[in-house]
Amino acid sequence: MTGLVSTSARALAAQALGNDRVLVTGASGWLGRTALDLLAPLGLPTLAVASRARIIRVGDCEIECRVWEDREVAAFAPTVVLDCAFLTRDRVADMPLGDYVAANRTLTERLVYATQLAGVRLALTISSGAAVYPHDALDRRVEHNPYGYLKREAEHRLAQAAAESGAVPVVARAWSISGAHVQKPQGYALGSMILAAASGAIRITARHPVFRRYVLAEELLALGIAEGSVGPATIDSGGELVEMAELAARIAAVVRPDAVISRDEADPREPDNYHSDGQDWEMRCQRWDLASASLGRQIEITARGVVGRA
């Protein structure tokens, strides 16, 4: 077993990468681990950077994560930067706003530093739908939407740095994603429902309809790498549109068919529509002949990681 990522995503990444040297930031997080798993069979020189030095296991590999040091990153001489380092939205409640802003801006400046190193041809950052939904996050003050504001800011900083250095910038906006390397699955609808289904009962607490589209994290990364091989791109994740009640039923069918699903009465007047229109994603998948995994397959892959760690 080479890992927990889809073979089609791995094939696309392999197609787009040559004799590259890859820097992965945020290597111990969800997207970082996914990137490392995606790259593992390719045997490319890879520098994994995380918030602290540690050994992490990805698939059959033990990978050494190092802390960021400018000189070490420069000496590694990456040609591809996969930026997966960011303090997530849930951390806003755990720390003073000023500290949250400062920490994420430090990570963004590291992205800028890496992008401007000689020899870097592609710099990809994982952004979020929160950067542009329900409006451009930079249109309001940072305290209104700290996570989205700082993600949007990072998008702009990457574009500026790449324009100066000649690297190709790629912004991959994750609206809702799936995958076996999800960390803290209880913090996400898909992951928490998988855990609940495995325990025998899914309780939907939303008091209004909630619609999402899901794609595998590795597909978003692989598509971004592929698009970056031909030019700058901003990619919005897509996938099949699904409401939470249907998502719960689909999860139960895969994880535990006898799981009981319950929900309070929902008011249909104010639906939560946090998702892209899906068109950008479909167009890019067709361009690269990527057969994006069905929702059922995504649930299977995600459950393999979530339930296995529970």
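Rule-based calculations on the coordinates, nothing more; no lab input. Just so you know, these numbers come straight off a predicted model, no measurement behind them. Please note: Cβ atoms are built from the backbone with ideal geometry, for glycine as well, and neighbour counts cover all protein chains shown.
With respect to the chain, whose longest principal axis is taken over its alpha-carbon atoms, helix 295-309 is tilted by about 80°. Once backbone amide H atoms are built at 1.01 Å from N, LEU216 has SER178, ALA293 as its partners under 5 Å, excluding neighbours fewer than 5 places away on the same chain.
Taking every eigenvalue of the Cα gyration tensor of segment 1-113, multiplying by 5 and rooting it, what semi-axes result, largest first, whole Å? Kindly include the intermediate steps, with their values, before the conclusion.
Details: eigenvalues 128, 55, 32 Å².
So the equivalent ellipsoid measures 25, 17, 13 Å along its semi-axes.
I want the local charge near LEU12. Using Cβ-Cβ distances under 15 Å, sum +1 for each Lys or Arg and -1 for each Asp or Glu among the other residues. Walk me through the numbers on the way to the answer.
On the way: positive: ARG10, ARG284, ARG287; negative: ASP20, ASP37, GLU218, GLU219, GLU227, ASP289.
Neighbourhood net charge equals -3.
Value of Rg to Rh for segment 139-273, rounded to two decimals, is 1.06; Kirkwood radius and Rg both from alpha-carbon coordinates.
What GluC sites (Glu not before Pro) does segment 55-104 have in DSSP loop regions with at most 14 other beta carbons within 10 Å?
Values: sites: GLU62, GLU64, GLU69, GLU72; in loops: GLU69.
For GluC sites (Glu not before Pro) across segment 55-104 that sit outside H, G, I, E and B with at most 14 neighbouring Cβ atoms in 10 Å, the list reads GLU69.
Summary of the geometry: segment 149-209 and segment 252-282, compared by the centres of their Cα atoms, lie 16 Å apart.
Could you tell me what a quarter of the Cα convex hull surface of the chain works out to, in nm² with one decimal place? Spell out each step's value before the answer.
On the way: hull surface 62.3 nm².
If you wrap the Cα atoms of the chain in a convex hull and average its projections, you get 15.6 nm².
So if the hydrodynamic radius of segment 243-305 is defined as the Kirkwood radius over C-alpha pairs, what does Stokes-Einstein give as its diffusion coefficient at 20 °C and 1.002 mPa s, in µm² per second?
Values: Rh = 14.3 Å.
Approximately 150 µm²/s, per Stokes-Einstein.
Within the P(r) computed for segment 143-196, what percentage of the Cα pairs occupies the region above 19 Å? Everything past 19 Å amounts to 51 percent.
At q = 0.12, 0.18, 0.28 Å⁻¹ the log10 of I(q)/I(0) for segment 78-139 amounts to -0.37, -0.77, -1.17, computed by Debye summation with a single uniform scatterer per C-alpha, solvent ignored.
With each label modelled as a point 7 angstrom along the Cα→C-beta vector, the HIS208-ARG71 pair spans 5.4 nm. Relative to the longest principal axis of the Cα atoms of the chain, the long axis of helix 244-255 lies at roughly 80 degrees.
Each residue of segment 29-46 is assigned a 3J(HN,Hα), and the resulting list reads x, 4, 5, x, 4, 4, 4, 5, 5, 4, 8, 3, x, 7, x, 7, x, 9 Hz, derived from the Karplus form 6.51 cos²θ - 1.76 cosθ + 1.60 (θ = phi - 60°), x at Gly and Pro. The C-alpha atoms of the chain define a longest principal axis, and helix 217-228 lies at about 40 degrees to it. Across segment 139-155, coupling constants 3J(HN,Hα) worked out from phi with the 6.51/-1.76/1.60 Karplus curve, θ = phi - 60°, read 6, 10, 6, 4, 5, 6, 7, x, 5, x, 4, 6, 5, 5, 4, 5, 4 Hz, and Gly and Pro carry x.
Give me the net charge for the shell around ARG287: Cβ to Cβ below 14 angstrom, other residues only, Lys and Arg +1, Asp and Glu -1. Can you show the working numbers first?
Details: positive: ARG284; negative: GLU219, GLU227, ASP280, GLU282, ASP289.
Local charge sum for ARG287: -4.
Over the chain, dividing the summed -39,500 (n - 2.57) contributions of all DSSP H runs of at least 4 residues by the number of residues returns a 222 nm mean residue ellipticity of -12500 deg cm²/dmol. Applying the Karplus relation 6.51 cos²θ - 1.76 cosθ + 1.60 with θ = phi - 60° to segment 175-192 yields 3J(HN,Hα) values of 7, 9, 10, 10, x, 6, 9, 4, 9, 6, x, 5, x, 10, 4, 4, x, 5 Hz, where x marks Gly and Pro.
Given contacts defined as C-alpha pairs under 8 Å and at least six residues apart, what's the relative contact order of segment 115-255, whole-number percent?
Computed over segment 115-255, the figure is 28 percent.
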